[in-house]
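Asks: I have a structure here, written as structure tokens, and I will follow up with some questions on it.
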Amino acid sequence: MKNVKTLALATTMAVMSTSAMAADRTDLRAGDYSWMQFNAMYAFDELPSDGDGSGHDYLEMEFGGRAGVVDLYGYVDVFNLLNKDSGDKTDGDSKMFMKFAPRFSLDAITGMDLSVGPIKEVYFSTLFNWGGGAFNKDGSGDVNASFWGLGADVMVPWLGKTGMNLYAHYDMNGKDWNGYQFSMNWFKPFMNFDNGSFLSFQGYVDYQFGADDDYGNEYVPMTSNGGAAYFGIHWHSDNYALGYGLKAYKDVYLLEDGAGIVGLDTTGFAHYLTATYKF
């Protein structure tokens, strides 16, 4: 949800990067930019959960940018910073989670303008999710998933430039291909203030489908489809941001809600509070 100024600047620079490349495809570095920020966050009722629902704090380093043919987004989460005994990230739970999502511009690689209609740029897209706990048979383990496919920057009414990707899912724990995922993300400033700050509507959707529903076990049964969507309202200035987000889950990570011996909660809603410092 993750540039030395603001996410609004990053969005503007991304559009400029696409335009610059379209204008002069001999200079692939003309539109390069980068950004990074640290988010102090607190999650209420995050899923999957064993029913504790007490929430947890975490620090997120979020980063992204464009360098030549590569468009990058990613973040690293570190949970339970004070190592508290209460909350839903204790008792030896995984301390970290990482999302790493490099996309490779097919326009830039081929030197061709692949834009058509609302599609402004086309990518070979990859995504990697590592850590965070996957609740294996003994209740431990980490997510170790990769996704491979095609993506595009699409101009959507009101939202503006929206990243969309369709992936095939390769489970690196199971060493097998298992279903597909559609992802989209957006960042839409919608209210500006006289001091230069603004409000944004930002978020993403990750939805998996077509998976093998016999892939799980009696401890944690799996489903054929599921995912999560985040809808956030954030206030931004040049160096700071504050935000609230609502996240909706449906059998997240393809774990069947309430089923099996472990009986995890994987469908429902969570709430997030965020305080950001931008570099």
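The values are calculated or read from the model by the stated rules, or taken from the named source; none is laboratory data. Fair warning: this is a prediction, and the values are worked out from it, not measured in the lab. As a convention, Cβ positions derive from the backbone with ideal geometry for all residues, glycine included, and neighbour counts pool all protein chains shown.
Asks: For the list (1) exposed (fewer than 15 other Cβ atoms within 10 Å of the Cβ); (2) closer than 18 Å to ASP71 by Cβ, I need the number of the one condition that MET172 fails.
Replies: (2)
Asks: Exactly one of (1) modelled with pLDDT under 95; (2) assigned to a strand (DSSP E or B) is unmet by LEU150. Its number?
Replies: (1)
Asks: Identify all residues within the stretch 154-202 that are at positive phi and out of contact with any helix residue (DSSP H, G or I) (no Cβ under 8 Å at 6 or more places or on another chain); write none if there are none.
Replies: Scanning the stretch 154-202 gives TRP158, LYS175, GLY196.
Asks: Any chance the stretch 167-174 includes a residue that's assigned to a strand (DSSP E or B), over 16 Å from the mean Cα position of the chain (by Cα), at pLDDT 90 or above and of a type outside the set (Gly, Ala, Ser)?
Replies: Checking the stretch 167-174: at least one residue is assigned to a strand (DSSP E or B), over 16 Å from the mean Cα position of the chain (by Cα), at pLDDT 90 or above and of a type outside the set (Gly, Ala, Ser).
Asks: Now for a separate question. Determine whether TYR33 is closer than 21 Å to THR162 by Cβ, over 16 Å from the mean Cα position of the chain (by Cα) and at pLDDT 70 or above.
Replies: So TYR33 fits the description; yes.
Asks: Hey, another quick one. For the stretch 177-193, which positions are of a type outside the set (A, V, I, L, M, F, W, C) and farther than 13 Å from TRP148 by Cα? Break it down into steps so the answer makes sense when it comes.
Replies: Residues of the stretch 177-193 that are of a type outside the set (A, V, I, L, M, F, W, C), as a first pass: 178-181, 183, 185, 188-189, 192.
The answer is ASN185, LYS188, PRO189, ASN192.
Asks: Got at least one residue in the stretch 250-261 being at pLDDT 95 or above and either buried (at least 17 other Cβ atoms within 10 Å of the Cβ) or over 12 Å from PRO48 (Cβ atoms) (or both)? Steps first, please.
Replies: Residues of the stretch 250-261 that are at pLDDT 95 or above, as a first pass: 250.
Then drop every residue that is not either buried (at least 17 other Cβ atoms within 10 Å of the Cβ) or over 12 Å from PRO48 (Cβ atoms) (or both), which leaves 250.
The answer is yes; a qualifying residue exists.
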